[in-house]
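The block underneath contains the structure these notes are about, expressed in structure tokens.
Every read-out reported here was derived from the displayed coordinates using simple, explicitly stated rules and does not represent laboratory data. Just so we're clear, the structure is a prediction, and the values are computed from it rather than from any experiment. Note: ideal-geometry Cβ built from the backbone for every residue, glycine included; neighbour counts use all protein chains shown.
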Amino acid sequence: MSETILSIKNLSKTYDNGTQALADISFDVKKGEFLVVIGLSGSGKSTLLRCLNRLLDPTSGQIFFHGKNIENTKGRAVFSVRKKIGMIFQQFNLVPRYSVLTNVLTGKLAGMGVLKSFFSLFSVEDKSQALDYLKLVGIHEKAYLRADQLSGGQQQRVAIARALAQKPEVLLADEPVASLDPATCHVVMDYLRKVNQELGITIICNLHFLSLVREYATRVIALKDGKLVFEGSPDQITEDWFQKIYGEGAREIHVQ
Amino acid sequence: MSNKNRYFLKARIFDGFNILFILMVATVVLIKPSQNQLLDLKFNSSLALLFFLVGIFLSSVLSQKGFLTWGNLIFKSSSEKPPQPISWYKTLWGWQALIILTLSIVVGLVMTNFSFYEILNREGIDGALRLLTGIFNPDWSILPRAVNHMIETLFMAFIATVLAIPFAFVLSFFSARNVMESRVGFLVYLSLRTFFNIARSIEAIIWAIIFSVWVGIGPFAGMLALMIHSIASLAKQYSEMVESVSMGPVEGIKSTGAAPFQVVWFGIVPQIILPYISITIYRWDINVRMATIIGLVGGGGIGTLLIQYQGQAMWPQVGCLVVVIAVVVCLLDQVSAHIREAVK
């Protein structure tokens, strides 16, 4: 817990339709953290993550990755930023008709030539690595099944393996368990923690359920209406803070 | 403009055209204009405009007085209360609709020279019977020639489709809104879509006439005509498929740091490959039918043979060609339906 890996300074994002999703957000992310972002739907959590790996272009502000500003990178440099900052999604976003293994191999696309990718010429090394990552998330037996034949929880684990194939330094997780049932929730979260602790990959994760936050987060930030309203450790989220973040009269739901 | 005003305006324009039509027909019937007068576009259009304005005026006055015109009935805003249920013949709109529809049918019959006399004309009937007897007694001796030309037609359609595929495939991504996100991309998208619409609105038969002058009469001209038409049609249908893909996998591939070509190849192509095959087979099916017609204007194949025999009034030979065309079109229809079902 020393080196700052990501440093966000005065980040703002206004969509073309005039909605301001992020307003002047600043925070630091330390290497090896499991940082959780909480807040109501529409508070800007997803926009924040998508700005960090440049799936969206921020309107203003800076993002320093290892001290280098990646907010103004253009063209091919953006692809290498995305490669180093992997992402998993609420809807898994796998290619449904491809096999599990091919889906993981798409994590190796960054920097691969046009001809090689046209003929899907992944190297033997890439393939064995992909299988290793599938083993890590406990799903290597399904490597040759089509991705859409898997259950939601299994698909999310494949998505984690795909992101790992990128050899990322940071993994963004946008509501990774919001479309899963409570039992599967913990399986996926446990794999995220494993990735965080065993591989030392920094994780920034959007979550809804506070009980999950308390269990997995090493640090928490909270957004409300696009502004940063809380920054601290999970046990600092008192009833008072909870009301402030989620609004008066909000009540907590527990996931077992 | 408020919603209510918009409905009011539409109703007035509709009634205006109604009354324009009635007054024009009345004028023609009353003064029986000469051919020269009918061709005087400048005077006639001014007259039409005058009648139109009269119509709008009349319709406004009537609806101000509380009458429900046909226009009011069709273009009423949803906020208005529905009209009282009364028998149609007690309403203005009922009579207006009746007059307009009757008048349209009468004018239409007059325009198309509808005549029972011609249908029942003895000589005409004899001619038609001669022709039909010929067609229903096909001359099978020309069957080998017919088959050879049919094969030419089939391959004309096949090559036109195959050559159109790569062009349409590549262009389809450049004319899909969800791929062309940037401002420059939008311009490319817009100009390609406009080009396809123009190319498609020019019938293949017109392309065939152009190409038969360009490269000479024959199957090559027909093939080129079908190809141009197929590129435009396929690209439009393909790009609609691209636009309907789910964007989740696309975002997923993008997040790995893949370049735009890789995003399309891994994120979009697997989602569209089956609909593409289905659309393409159907296009071949359509092209075979179109190739027959294109032959009529010199595009080669069985259509050219057909127009030759028809020009010489060789009806038994025409009959043989008709049978061959019907059999092939039916068969192909079945085959393509089965394949499309299978690849779904």
Inset, instruction - Using a Gaussian network model of chain B whose springs link C-alpha atoms within less than 10 Å, name the residue from B:Leu39, B:Leu143, B:Leu331 with the highest mean-square fluctuation. - result: B:Leu39
Legend entry - Computed [θ] at 222 nm, helices only, for chain A once each DSSP H run of length n ≥ 4 contributes -39500 (n - 2.57): -10000 deg cm²/dmol
Inset, instruction - For every other residue with a beta carbon closer than 14 angstrom to the beta carbon of A:Lys244, add +1 if it is Lys or Arg and -1 if Asp or Glu, then tell me the sum. - result: -4
Inset, instruction - Give, as a single signed number, the net charge of other residues whose beta carbon lies under 9 Å from the beta carbon of A:Val100, with Lys and Arg counted +1 and Asp and Glu -1. - result: +2
Legend entry - Three-way shape call for the stretch B:105-203 based on the alpha-carbon gyration tensor, with the a/c threshold at 1.5: oblate
Inset, instruction - Using Cα positions and a limit of under 13 Å, work out the aspartates and glutamates in reach of A:Lys45, with same-chain residues fewer than 8 apart set aside. - result: A:Asp174, A:Glu175, A:Asp225
Inset, instruction - Measure out, as a whole number of angstrom, how far apart the alpha-carbon centroids of the stretch B:49-75 and the stretch A:156-197 sit. - result: 67
Inset, instruction - Would you please name the GluC sites (Glu not before Pro) within the stretch A:172-254 that are DSSP coil residues with at most 16 other C-beta atoms within 10 Å of their C-beta? - result: A:Glu248, A:Glu252
Inset, instruction - Can you pull the one-decimal nm distance between simple spin-label points at A:Lys116 and B:Phe155, each 7 Å off the Cα toward Cβ? - result: 4.3
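Please identify the GluC sites (Glu not before Pro) of the stretch A:1-100 that satisfy two criteria: DSSP loop assignment and at most 16 other Cβ atoms within 10 Å. Which are they?
Numbers: sites: A:Glu3, A:Glu33, A:Glu71; in loops: A:Glu3, A:Glu33, A:Glu71.
Sites meeting the loop and neighbour criteria: A:Glu3.
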Legend entry - Pairwise label distance in nanometres, B:Glu243 with A:Gln149, each label 7 Å out on the Cα-Cβ vector: 3.5
Legend entry - For the stretch B:1-47 versus the stretch B:260-335, the gap between their alpha-carbon centres in whole angstrom: 44
Inset, instruction - Determine the shape class of chain B: with a ≥ b ≥ c the square roots of the Cα gyration tensor eigenvalues, call it rounded for a/c under 1.5, and otherwise prolate if a/b is greater than b/c, oblate otherwise. - result: oblate
Inset, instruction - Kyte-Doolittle cut-off 0.5, length cut-off 18 Å along the helix's own axis using Cα: show which whole DSSP H helices in chain B pass. - result: B:3-31, B:41-64, B:92-111, B:143-174, B:183-201, B:219-243, B:269-295, B:315-342
Inset, instruction - Any chance you could get the radius of gyration and Dmax over the Cα atoms of chain A, in Å? - result: 18.2, 58
Legend entry - Three-way shape call for the stretch B:3-114 based on the alpha-carbon gyration tensor, with the a/c threshold at 1.5: prolate
Inset, instruction - Would you give the gap between the C-alpha center of the stretch A:18-32 and the C-alpha center of the stretch B:155-211, rounded to a whole Å? - result: 44
Inset, instruction - Please list, or write none, the lysines whose alpha carbon is within less than 24 Å of the alpha carbon of A:Lys127, excluding same-chain residues fewer than 8 places away. - result: A:Lys83, A:Lys84, A:Lys108, A:Lys116, A:Lys135, A:Lys142, A:Lys167, A:Lys194, B:Lys254
Inset, instruction - Report the dimensions of the protein assembly as shown along its three principal axes from the alpha-carbon atoms, largest first, rounded to Å. - result: 103, 75, 41
Legend entry - Summed side-chain charge close to A:Leu134 - residues other than A:Leu134 whose Cβ falls under 14 Å, Lys, Arg +1, Asp, Glu -1: +4
Inset, instruction - Would you kindly state the longest site-free stretch of chain A, with sites defined as chymotrypsin sites (Phe, Trp or Tyr not before Pro) in a DSSP loop (not H, G, I, E, B) surrounded by at most 12 other Cβ atoms within 10 Å? - result: A:145-256
Inset, instruction - Report the trypsin sites (Lys or Arg not before Pro) located in the stretch A:53-120 that are in a DSSP loop and have at most 13 other Cβ atoms inside 10 Å of their Cβ, or state none. - result: A:Lys74
Inset, instruction - Specify which residue in the list B:Ser45, B:Ile99, B:Phe114 is farthest towards the positive end of the charge dipole of the stretch B:3-114, using unit charges on the beta carbon of Lys, Arg (+1) and Asp, Glu (-1), about the Cα centre. - result: B:Ile99
Legend entry - Alpha-carbon Rg/Rh ratio, for the stretch B:137-342, with Rh computed the Kirkwood way: 1.09
Legend entry - In nm, spacing of pseudo-spin labels at B:Val170 and A:Lys9 (7 Å Cα→C-beta vector): 4.5
Legend entry - Förster radius 41 Å - calculated FRET efficiency between B:Ile202 and B:Leu129, Cβ distance, rounded to 0.05: 0.60
